[in-house]
Amino acid sequence: MAYQVLARKWRPHDFSTLIGQDHVVRALTHALTENRLHHAYLFTGTRGVGKTTISRILAKCLNCVGEDGKGGITAHPCGVCEACRAIDEDRFVDYIEMDAASTRGIDDMVSLLERAKYAPTNARFKVYMIDEVHQLTTQAFNAMLKTLEEPPEYVKFILATTDPQKVPVTVLSRCLQFNLKSLSPMLISGHMEELLKKEGFPYELPALRMLATGARGSMRDGLSLLDQAIAFSAGNLTLENVREMLGTIDSTTLIRLLGALANRDPVQVMQVADEIGARSLSYTQALQDMALLFHRISIVQMLPASLNPEEPDSDAVKSLAQAFAPDEVQLYYQIAIHARNEISLAPDEYSGFTMALMRMMAFAPAEAKNSKRPVVAPMKGLEAPAPHSTEAPVLPAPMAAVLKPEPQVPSASPVAAKTASSAAGKDPGDIPPWEEMPVLTGSKKKIN
């Protein structure tokens, strides 16, 4: 049997197994139980949060006949009757999925509406699901308005879109709208953990958390990353394997970098930046991870009890929270996210990343620059910044030779200058420079 990806193999088949959309499940369950059904539904949300899945579950709820073939509309489809199995296997003739990205013109819409006039072949309702509906043309939207407002009693429309702002208001007003939320990394990693237990793969929980964070709120993206991680690591889902696959920076490197910033050590900052490049890691991802770490530090500064002592880097985060001032963390966070957006404008990623680090040190608040900081725990081998000195710095030999002052040229008539100053009652050392300037006409006079 051909391999089936995890996102399709473990797709929810009823509302009880749907994750993270409780507000939608509650509304639809009550509507199905009380038989208060709308004729058009609009599901909005980012990719991979369950829009198509909910539409298929809703189609099964409307057409399920139960195991004995005598059931009616239900919020809990049986999953074994012909309608439920046919919808799950994508062969139900009265459930029509249309992709508006490829069939978006008025001719396609007219053809769909012509078929909607006929009663369902072998079902209770004929369900039309139009995905990415915002990509329909203006003429196609206008053509469907009348049917969408007053469809036949056996027709249900389900529209789905990732960009509801592009859907005309005339369409929105004819639909019951549900906004699907992005899923939290905790929900995604918890679902991954359940699936891996069923699949029999060993795993490390921090590795799943990293994959869930990389999914950016999408369960489908998270399961696709999980498939990739299983193939990359040959079934050994460790944190190190996942980090290598994603090209992310380990927390130790970032903590060393922030420790160098806290210690005002530009040498160490550049060494860590060079180390990131030597490992062929993404500087864009480094800026993103740095912003996340600054976010954690800020949370710990405001809510110390939020720090989980079981995290492997909890002690280092606590030390950084004590080393940085709160306004300093906010400034560095802004610099990191702006540098990530602007890194494509830099000559190369290395220069964009290092300039962001230099900007952090250059724009640090004056109080942070002058204050004495404790050296953070991961940076115990580094020296604290030297105190400010009023003595002139010792220049390297080549630079000292370049900046060495030239010998002064004596004035043309030093004796006359001393005589004039003595007559005026001035000490010769108090003579202003302009009074010692030679006069080309042969006579010396004071310049006012």
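The values are calculated or read from the model by the stated rules, or taken from the named source; none is laboratory data. None of the values given here were measured: they were computed from a predicted structure. Every residue, glycine as well, gets a Cβ built from its backbone with ideal geometry; the counts of neighbours run over all protein chains shown. Remember, those area values only see protein heavy atoms, side chains included, never the ligands or the DNA or RNA. Shrake-Rupley method; radii C 1.70, N 1.55, O 1.52, S 1.80 Å.
With respect to Met219, determine if the residue is touching a His at 6+ places or on another chain (Cβ under 8 Å) and either of a type outside the set (Asp, Glu) or in contact (Cβ under 8 Å) with a residue 24 or more places away in the chain (or both).
Working: touching a His at 6+ places or on another chain (Cβ under 8 Å): yes; either of a type outside the set (Asp, Glu) or in contact (Cβ under 8 Å) with a residue 24 or more places away in the chain (or both): yes.
Taking the combined requirement at face value, the residue satisfies it.
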Quiz item: Considering Leu180, Leu176, which residue is in contact with a Phe, Trp or Tyr (Cβ under 7 Å, 6 or more places away or on another chain) and open to solvent by 30 Å² or more (accessible area, probe 1.4 Å)?
Solution: Leu176
Quiz prompt | Evaluation of Asp163 against (1) open to solvent by less than 70 Å² (accessible area, probe 1.4 Å); (2) touching a strand residue (DSSP E or B) at 6+ places or on another chain (Cβ under 7 Å); (3) not hydrophobic (A, V, I, L, M, F, W, C) (one fails), failing number | solution = (2)
Quiz prompt | Top-ranked residue in the range 300-326 [being among the small types (Gly, Ala, Ser) and open to solvent by less than 60 Å² (accessible area, probe 1.4 Å); ranked as farthest from Asn263 (Cα to Cα)] | solution = Ser314
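Residue under question is Glu199, and the condition is that it be over 24 Å from Ser55 (Cα atoms) and either surrounded by 15 or more Cβ atoms within 10 Å (Cβ to Cβ) or in contact with a Ser or Thr (Cβ under 6 Å, 6 or more places away or on another chain) (or both); does it hold?
For Glu199, the condition - over 24 Å from Ser55 (Cα atoms) and either surrounded by 15 or more Cβ atoms within 10 Å (Cβ to Cβ) or in contact with a Ser or Thr (Cβ under 6 Å, 6 or more places away or on another chain) (or both) - is not met.
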Quiz item: Which numbered condition trips up Cys61, out of (1) of a type outside the set (Gly, Ala, Ser); (2) touching a Ser or Thr at 6+ places or on another chain (Cβ under 9 Å); (3) open to solvent by 20 Å² or more (accessible area, probe 1.4 Å); (4) not in a loop (DSSP other than H, G, I, E, B)?
Solution: (3)
Quiz item: Quick check, is Pro168 farther than 15 Å from Leu113 by Cβ and either in contact (Cβ under 8 Å) with a residue 24 or more places away in the chain or touching a helix residue (DSSP H, G or I) at 6+ places or on another chain (Cβ under 7 Å) (or both)?
Solution: yes
Practice problem: Look through the range 367-381, keep the residues that are open to solvent by less than 60 Å² (accessible area, probe 1.4 Å) and assigned to a helix (DSSP H, G or I), and return whichever of them is modelled with the lowest pLDDT. | Solution: Met379
